[in-house]
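The values are calculated or read from the model by the stated rules, or taken from the named source; none is laboratory data. Note that the coordinates shown come from a computational prediction; the quantities given were computed from them, not determined experimentally. Note: ideal-geometry Cβ built from the backbone for every residue, glycine included; neighbour counts use all protein chains shown.
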Amino acid sequence: MSKIIEVNDLITEYNGERILDGVSLSIDSGSIFAILGGSGCGKTTLLKHIIGLLYPVSGSIKIFGRETVGMEEKKFEQILEKCGMLFQEGALLNSLSVKENIAIPLRQHTDLDEDIIQRVVRTKLHLVELDYALNLYPSELSGGMKKRVAMARAIAMDPKILFCDEPSAGLDPVTTREIDNLLNKLREQLDMTIVAVTHVIDSVRRIADEIVFLHDGQILFTGSFEEATKSDIPQIKEFFQDQNI
Amino acid sequence: MSADNKSTYTLPQSLTKENSQKILEELKSFLHETSAVQINLDFKKLENIDSTGVAVIDKVMDIADEKQLKKDLLNVNKKTQISLDTFSSRQLKPIKEKQKPKLFEFLGGQGFEFLEHLKSFVYLTADIFYWGVGGLFSKKGQRKGEFTNQSNQIGVNAIPIIALISFLVGFILSLQSAQQLRQFGANIFVVDLISISMTREMAPLMTAIVLAGRSGSSIASELATMKISEEVDALKTMALNPIKFVVLPKLYAMTISTPLLTIISDAVGILGGFVVGVLFLKISPTAFIDRMASVMVLKDIITLIVKSFVFAWIITVVGIYFGLEAEGGAESVGKNTTASVVTAIFMVIVADSILGLIFY
C-alpha cells in the first residue's frame with residue numbers, strides 16, 4: 001500500500017512552548033488513521049499542520065508524495081481540492097443554507113451545471129441522512145446535525161483524503177455509530193483515506209486501521225488498536241484504563 | 001453507434017468532476033441527435049467514476065425518461081455499481097422548496113413582525129429602566145468594578161476622537177460662516193453662531209453619533225455574541241438577571257459619560273471657532289469670550305444636558321435590544337450590530353428634532 005501522507009520530524013512551537021516535538025508518521029492510502037491522545041496533547045495542532053492551517057518550525061510534510069511545507073499557495077490549493085476537512089464544530093457558513101454550504105466547493109472548483117451540483121448535494125446529504133435539511137440554515141440545526149452537514153460538505157468533492165477533527169465529539173451514540181459507518185463506507189467504496197483526530201475509543205475500535213498515540217507533542221505509539229490496548233506504555237495504559245478498555 | 005433501433009454511447013475510462021461537464025454535453029448531443037427508441041450507456045471502458053459522474057448518468061436517465069426512450073446500462077462492473085447505488089439521486093424523494101409568501105402575506109408578515117419588535121422594544125426599555133432605578137438602591141446582582149470599567153471604555157477612551165471631531169466641526173463651521181459674515185462687517189456674530197449652534201445642536205449630535213458608532217455597536221456586538229454563545233442563558237441559570245449583571249453598568253456608564261463628553265465636545269468645538277475668530281477674523285480673545293458670555297443663556301446649557309441624557313439612553317437601549325435579539329450565528333452578530341448603529345443614529349436624529357422643537 002502506498003503512503004499518501006508522510007510527516008517527518010515535525011516541530012512546532014507556540015509562545016516559545018514546544019507543541020509538537022519531532023513527530024513522524026506515515027499514512028497508507030485507503031486506510032483510516034486515528035490520532036489519539038488526551039486533551040492538549042497536540043492532536044488538532046498536528047492535523048492543522050498537515051492541512052496547512054499552521055506552519056511548523058521545522059520538519060517535512062508530504063501529501064500525495066509532494067512536500068507541502070513551504071509550497072507555493074496556488075500549488076497547495078490544488079492539493080487541498082483533493083482533500084476534505086470536517087471541523088470539530090462543523091464550521092458551516094451561517095449566512096448560507098445547508099444546500100448552499102455543501103455546494104460551495106463544487107461551485108468554486110468545478111464547471112458543473114447547477115442541476116448536476118444539486119444532484120451531488122442531495123446525494124451527499126442523503127449519505128448523512130439529512131435529506132430534509134436541504135433548505136434549512138445552520139442556525140436551525142442541532143449540534144449533531146451541523147456536524148453531519150459539515151461531513152456532507154467535506155465529502156462534496158469526493159476527496160481522496162478526508163480529515164476529521166473529533167468527528168464524534170458531542171454526538172449521541174446512535175449518531176456516532178452512523179458517522180463511523182459512513183466513514184467505513186467512504187473508505188471501502190471510494191478508497192478514501194481518512195485521518196481522524198479523536199478520543200472516542202468506541203469509534204476508534206470501529207473504524208481505525210492504524211492509530212498513533214500522542215502525548216506532550218510526541219508520538220508514544222504507532223500500530224493497530226488491539227496492539228495499543230496491550231501496550232505497556234504507562235500513558236497509554238492509563239488512557240485506556242480511564243475509558244474502561 | 002446505432003443498431004436495431006438502439007443507440008449506444010460508450011463512456012470513457014474516467015467519469016469524474018474533471019470531465020463530467022464535457023461528457024454531459026456529449027451525452028446531451030447524443031440524446032438530441034438519436035432517432036433510436038432505446039439508448040445504451042456502455043461502461044466497458046469505465047474504471048473510475050465519482051459522485052458527479054453518477055449525477056451525470058442520472059441526468060441522462062432523466063432526459064431519456066422525458067423523451068420516453070428505453071434505456072440500459074451495459075457492462076457495469078461491481079465497483080461502478082456500488083458507486084451508482086451510493087450516489088444515485090434518482091431514488092431520492094423530492095424535497096419541497098419553501099414557498100415564497102404572496103405580496104399581502106409578505107406585507108402582513110412584515111407588519112406583524114414590526115409590531116412584535118416594537119412590543120419587545122417597549123418591554124425591554126421598561127425592564128431596563130425598572131432595574132436601572134432599582135439598581136441605584138441595591139447593588140445585588142451587579143458586577144463589582146464593572147461601572148468603572150465601562151465608564152473608562154465608553155467615556156475616557158472616547159475623549160480623543162470626540163475632541164478631535166468637535167474641534168474640526170467648530171473650526172469648519174466658523175470658517176464657512178466667516179466668509180459670509182465678513183462681507184457685512186459682522187465678524188463678531190461668528191461667536192453667536194458657533195457658541196449657540198455647538199451648545200444646542202452640534203455637540204450633543206456629534207457626540208451621540210460618535211457614541212452610537214463606537215459604544216452602541218460595541219454594546220450590541222458584545223451582547224449578541226453573549227446571546228448566541230448561550231452566555232446570557234448561563235447567567236439566567238445562575239439566578240442572575242442579565243439586565244442587572246451585564247446591562248446596568250453600561251447604562252450607568254453611558255448616562256454619566258455622555259453628558260460629560262458632550263460638554264467636552266461643546267468646549268472644544270467652541271475652541272475651534274475661537275481659533276478661526278482670533279486668527280482669521282481678527283476678533284480679540286477678550287471680545288470673543290465677552291460676546292460668548294453675553295449670548296449664551298441657561299436654556300442652551302439645559303438643552304445640551306437634556307439632549308445628551310436622552311441620546312445616551314437611546315444609544316444604550318437600542319444597542320442592548322439589537323444585541324439581545326441576535327439569533328443563530330456569527331452573521332446575526334454582524335447584522336444586529338449594523339442595525340443597532342443605523343437605528344440608534346436615526347432615533348437620535350428624530351429625538352433631536354423633537355427636542356429642538358421643545359427647546360426652540
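Summary table below
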quantity	calculated
Tabulated pairs, segment A:96-122, first part of a helix (DSSP H, G or I) and at pLDDT below 95, second of a type in the set (Phe, Trp, Tyr) and crowded, with 16+ Cβ neighbours inside 10 Å, C-beta under 8 angstrom, 6+ apart or interchain	A:VAL98/A:TYR137; A:VAL120/B:PHE87
Hits in segment B:79-108 - residues which are assigned to a loop (DSSP other than H, G, I, E, B) and acidic (Asp, Glu)	B:GLU97
Positions within segment B:329-340 being farther than 14 Å from B:MET226 by Cβ and over 8 Å from the mean Cα position of the chain (by Cα), in sequence order	B:GLU331
Qualifying residue in segment B:146-156 (condition: among the acidic types (Asp, Glu) and within 29 Å of the chain's Cα centre (by Cα))	yes
Which listed residue, of B:VAL191, B:VAL268, B:VAL278, is touching a Lys or Arg at 6+ places or on another chain (Cβ under 7 Å), of a type in the set (A, V, I, L, M, F, W, C) and farther than 30 Å from B:GLY334 by Cβ	B:VAL191
In segment B:1-55, the residues that are assigned to a loop (DSSP other than H, G, I, E, B) and touching a residue at least 40 places away in the same chain (Cβ under 8 Å)	none
Selected residue [acidic (Asp, Glu) and more than 29 Å from A:SER203 (Cα to Cα)] from A:GLU72, A:GLU81, A:GLU89, A:GLU6	A:GLU72
The one condition in (1) within 14 Å of the chain's Cα centre (by Cα); (2) among the hydrophobic types (A, V, I, L, M, F, W, C); (3) over 29 Å from B:ASN77 (Cα atoms); (4) within 11 Å of another protein chain (Cβ to nearest Cβ) that A:CYS164 fails to fulfil	(4)
Hits in segment A:185-201 (condition: acidic (Asp, Glu) and within 15 Å of A:LYS82 (Cα to Cα))	A:ASP191
Pairs, first at the interface with another protein chain (Cβ under 7 Å from one of its Cβ atoms) and without any contact (Cβ under 8 Å) to a residue 40 or more places away in the chain in segment B:84-110, second surrounded by 11 or more Cβ atoms within 10 Å (Cβ to Cβ) and part of a loop (DSSP other than H, G, I, E, B), C-beta under 6 Å, six or more apart	B:ILE95/A:LEU134; B:LYS98/A:ASN135
Within segment A:133-150, tally of residues that are away from every other protein chain (no Cβ under 14 Å) and either touching a strand residue (DSSP E or B) at 6+ places or on another chain (Cβ under 8 Å) or in a loop (DSSP other than H, G, I, E, B) (or both)	1
Unmet criterion (only one of (1) exposed (fewer than 13 other Cβ atoms within 10 Å of the Cβ); (2) among the polar types (S, T, N, Q); (3) in contact (Cβ under 8 Å) with a residue 60 or more places away in the chain) for B:GLN153	(1)
Sole residue being over 21 Å from A:ASN184 (Cβ atoms) and assigned to a helix (DSSP H, G or I), chosen from A:LYS48, A:LYS62	A:LYS48
Number of positions in segment B:16-37 that are away from chain A (no Cβ under 14 Å), within 50 Å of the chain's Cα centre (by Cα) and crowded, with 18+ Cβ neighbours inside 10 Å	0
Residue count for segment A:100-109, restricted to those that are crowded, with 19+ Cβ neighbours inside 10 Å and either facing chain B (nearest Cβ under 9 Å) or in contact with a Ser or Thr (Cβ under 9 Å, 6 or more places away or on another chain) (or both)	1
Some residue of segment B:214-231 being in contact with a Pro (Cβ under 9 Å, 6 or more places away or on another chain), under 27 Å from A:SER139 (Cα atoms) and among the hydrophobic types (A, V, I, L, M, F, W, C)	yes
Test: residue in segment B:63-80 that is under 39 Å from the mean Cα position of the chain (by Cα) and within 14 Å of another protein chain (Cβ to nearest Cβ)	no
Count of segment A:167-178 residues which are modelled with pLDDT under 85 and either in a loop (DSSP other than H, G, I, E, B) or under 13 Å from the mean Cα position of the chain (by Cα) (or both)	5
Complete set of residues in segment B:293-339 that are more than 14 Å from chain A (Cβ to nearest Cβ) and polar (S, T, N, Q)	B:SER294, B:THR303, B:SER308, B:THR316, B:THR337
Residue identified as of a type outside the set (Ser, Thr, Tyr) and over 29 Å from B:SER332 (Cβ atoms) among A:ILE79, A:ILE117, A:ILE104	A:ILE79
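Here's the yes/no breakdown for (1) outside the structural domain of B:VAL297 (by TED's automatic domain parsing); (2) part of a loop (DSSP other than H, G, I, E, B); (3) surrounded by fewer than 24 Cβ atoms within 10 Å (Cβ to Cβ):
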position: B:ASN187; (1), (2), (3): no, yes, yes
position: B:ASP192; (1), (2), (3): no, no, yes
position: B:THR199; (1), (2), (3): no, no, no
position: B:LEU205; (1), (2), (3): no, no, yes
position: B:LEU211; (1), (2), (3): no, no, no
position: B:SER215; (1), (2), (3): no, no, no
position: B:SER221; (1), (2), (3): no, no, yes
position: B:THR225; (1), (2), (3): no, no, yes
position: B:LEU235; (1), (2), (3): no, no, yes
